[in-house]
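Single-structure report; data block below.
The values are calculated or read from the model by the stated rules, or taken from the named source; none is laboratory data. Being a predicted model, the structure only gives us computed values, none of them experimental. So basically every Cβ, Gly included, is an ideal-geometry build from the backbone, and we count neighbours across all protein chains shown.
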């Protein structure tokens, strides 16, 4: 990982660049350069500008970006506080620079943020057949809660090529001043 990497909060001016990054990392041919692609599972976009605008306006949510030395957004993570849990989603790294520690750096930033706002755990949903990705999260301390949810039927989330569902993963956070 490059030492010039900076983490900052996404603002409205970043939305178009962010949408391009997320879609390039998850869908279409460009996503196949990285290991997080969903192109074989889903057609359609991963997100759009309107959805991203709504996410950053939602109470209790932020999107953190990782920027390179040229200030380009090369990664992001969506975080939504839900009581004493922090929901983590849309962890994204540009496909041509994946496996260089940027995702790990974003995960650490998410955990630090969760501790700052006094969350006791981080939860996420992952497509259940994404075994390599699930294993990566498990190596970062996440465990399955046993809960599953169906993949949304709304085309705004993508068009499944096969039946899909989410599994929930959770990581407990430990604080020096727990509740």
Failed item, numbered, when residue 98 is tested on (1) modelled with pLDDT under 95; (2) over 14 Å from the mean Cα position of the chain (by Cα): (2)
Members of region 32-49 that are within 23 Å of residue 99 (Cα to Cα), touching a helix residue (DSSP H, G or I) at 6+ places or on another chain (Cβ under 6 Å) and surrounded by fewer than 18 Cβ atoms within 10 Å (Cβ to Cβ): 33, 39
Odd one out for residue 37 among (1) modelled with pLDDT under 90; (2) closer than 19 Å to residue 132 by Cβ; (3) over 14 Å from the mean Cα position of the chain (by Cα): (3)
Test: residue in region 55-78 that is in contact with a strand residue (DSSP E or B) (Cβ under 8 Å, 6 or more places away or on another chain), surrounded by 15 or more Cβ atoms within 10 Å (Cβ to Cβ) and more than 20 Å from residue 18 (Cβ to Cβ): no
Answer residue from region 123-168, given it is in a strand (DSSP E or B) and free of Cβ contacts under 8 Å to residues at least 24 places away in the same chain and is surrounded by the fewest Cβ atoms within 10 Å (Cβ to Cβ) among those: 146
Matching residues in region 99-108 - criterion: being closer than 18 Å to residue 38 by Cα and crowded, with 19+ Cβ neighbours inside 10 Å: 103
Candidates 111, 82, filtered to the one that is under 24 Å from residue 172 (Cβ atoms), surrounded by fewer than 20 Cβ atoms within 10 Å (Cβ to Cβ) and more than 13 Å from the chain's Cα centre (by Cα): 82
